[in-house]
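**Q** My questions all concern the structure below.
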Amino acid sequence: MARTIGITTAEDIATGLVEGHELIGELRLYQQGPEDAPLLSLPPEGIAQRFADEIRAVAAGQAVAAIGVGLPGIINCGFIEESPNLRQLKGAHMQDLVAAALRNCGITAPVYVYNDADVLAAGLAATHGNLDRFIRVWALGHGIGFGVYPHSEGVWEGGHMVVSLDPRERYCGCGGVGHLEGIMGQRAMRLRFLDMEPDEVFENARKRDQRCVEFVKLWHRALAAATANSIHLAGPGKFFISGFNARHLDLNLLHQYLHEMVKMSPLQSYVFEVVPDSDVNAVIGAAVSAAQNAAR
Ligand SMILES: [Zn+2]
């Protein structure tokens with residue numbers, strides 16, 4: 001069976017060799033050295049070159065059938081239309097840039113670029129035996145990703161759903177008011193609580209600090225609201241929840257709020273599944289999606 005490579009930037013740069021729906025060997029995580037510029041400060045060509053270096057290391061000289069890349073933002077045929085969390089990518093044709101960087105090191109396999117939450121959804125569908133149904137995933141990380149599988153026409157920027165009408169809710173990375181990411185995103189939480197890290201906010205809520213308790217309720221209500229909006233548009237079904245902040249999730253509280261928001265009985269058959277390890281699933285999803293594209 002042909003092997004493919006998946007690479008994503010959800011948390012670190014994670015790269016892996018995939019056969020079928022399984023990772024072959026270890027996931028490679030990019031280790032930032034002291035002299036390395038952070039990804040956020042690199043121009044698109046620099047990001048493409050770093051990806052090419054990681055892909056070459058994982059390929060280790062063997063031929064691969066295709067390469068799938070997951071990046072944050074609105075992506076159209078390899079072109080980055082918008083990317084609030086990697087702003088310099090806006091207007092870059094990352095598919096061409098990564099393919100060119102790879103050609104320079106002798107790798108000519110086709111490259112496909114996808115939204116990082118969509119590859120996470122594809123990976124979860126592949127590893128959970130859900131390739132035959134519609135699934136959605138919330139990725140709770142620096143930003144808030146919303147991925148769907150199978151791929152469907154549309155924008156699907158669910159992380160920017162409006163979940164509050166309070167004009168003071170303006171912490172979203174895209175600049176929009178009242179957005180889900182403006183409440184749940186890591187960067188947004190840092191802006192809201194300048195005196196503590198997001199982990200401390202959740203910790204202090206457990207210690208009954210009232211400001212933190214109120215925020216943790218808002219955090220869960222926001223996710224319930226966005227999920228309810230999605231259910232009212234696309235129906236109930238399976239919602240995966242992933243990303244490093246999924247560890248702060250209280251599923252009982254989420255269910256309680258969602259139950260208050262979704263009252264029509266045909267819409268109440270929703271299921272949540274928390275899957276903490278988003279890197280492995282996203283890498284598998286990027287590789288599986290690229291294999292599907294290459295086979296067409
Ligand atoms: Zn936004």
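The rows are residues; the columns are (1) open to solvent by less than 30 Å² (accessible area, probe 1.4 Å); (2) at pLDDT 95 or above; (3) within 29 Å of ASN293 (Cα to Cα); (4) touching a strand residue (DSSP E or B) at 6+ places or on another chain (Cβ under 7 Å).
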| residue | (1), (2), (3), (4) |
| --- | --- |
| GLY154 | no, no, yes, no |
| GLU157 | no, no, yes, yes |
| HIS160 | no, yes, yes, yes |
| LEU165 | no, yes, no, no |
| ARG170 | no, yes, no, no |
| VAL177 | no, yes, no, no |
| MET184 | yes, yes, no, yes |
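**Q** Confirm whether GLY33 is open to solvent by less than 40 Å² (accessible area, probe 1.4 Å), without any contact (Cβ under 8 Å) to a residue 40 or more places away in the chain and either of a type in the set (A, V, I, L, M, F, W, C) or out of contact with any Lys or Arg (no Cβ under 6 Å at 6 or more places or on another chain) (or both).
**A** Here the answer is yes, as GLY33 does meet what is asked.
**Q** If we only count helices (runs of 4 or more DSSP H) wholly inside segment 209-296, which ones have 2 or more residues that are surrounded by 21 or more Cβ atoms within 10 Å (Cβ to Cβ)?
**A** 210-234, 278-295
**Q** Tell me, yes or no, whether segment 122-130 has at least one residue that is free of Cβ contacts under 8 Å to residues at least 12 places away in the same chain, more than 19 Å from GLY243 (Cα to Cα) and away from the ligand (no atom under 14 Å from the Cβ).
**A** yes
**Q** Another one. Counting only residues that are of a type in the set (Gly, Ala, Ser) and open to solvent by less than 10 Å² (accessible area, probe 1.4 Å), which one in segment 74-91 is farthest from GLU181 (Cα to Cα)?
**A** GLY78
**Q** Only one of ALA92, ALA100 is within 17 Å of THR9 (Cβ to Cβ) and away from the ligand (no atom under 16 Å from the Cβ). Can you tell me which?
**A** ALA92
**Q** Of all the residues that make up segment 133-190, how many are more than 21 Å from TYR257 (Cα to Cα), part of a strand (DSSP E or B) and near the ligand (Cβ under 10 Å from one of its atoms)?
**A** So the answer is 0.
**Q** Could you tell me whether segment 218-231 includes any residue that is more than 14 Å from the ligand (Cβ to nearest atom) and of a type in the set (Ser, Thr, Tyr)?
**A** Yes, the conditions are met somewhere in segment 218-231.
**Q** Condition test on GLU19, is it without any contact (Cβ under 8 Å) to a residue 24 or more places away in the chain and more than 24 Å from VAL148 (Cβ to Cβ)?
**A** Spelling it out, GLU19 is indeed without any contact (Cβ under 8 Å) to a residue 24 or more places away in the chain and more than 24 Å from VAL148 (Cβ to Cβ).
**Q** Now a separate question. Which pairs turn up if I take residues in segment 84-96 that are among the acidic types (Asp, Glu) and look for partners that are assigned to a loop (DSSP other than H, G, I, E, B) with beta carbon separation below 9 Å, at least 6 apart in sequence or on another chain?
**A** The qualifying pairs are ASP96/GLY78.
The values are calculated or read from the model by the stated rules, or taken from the named source; none is laboratory data. The shown structure was predicted, so the numbers you read here are calculated from the model rather than taken from an experiment. Positions of Cβ are backbone-derived with ideal geometry, glycine not excepted, and every protein chain shown enters the neighbour counts. Areas reflect the complete protein model, heavy atoms only, side chains present, ligands, DNA and RNA absent. Shrake-Rupley method; radii C 1.70, N 1.55, O 1.52, S 1.80 Å.
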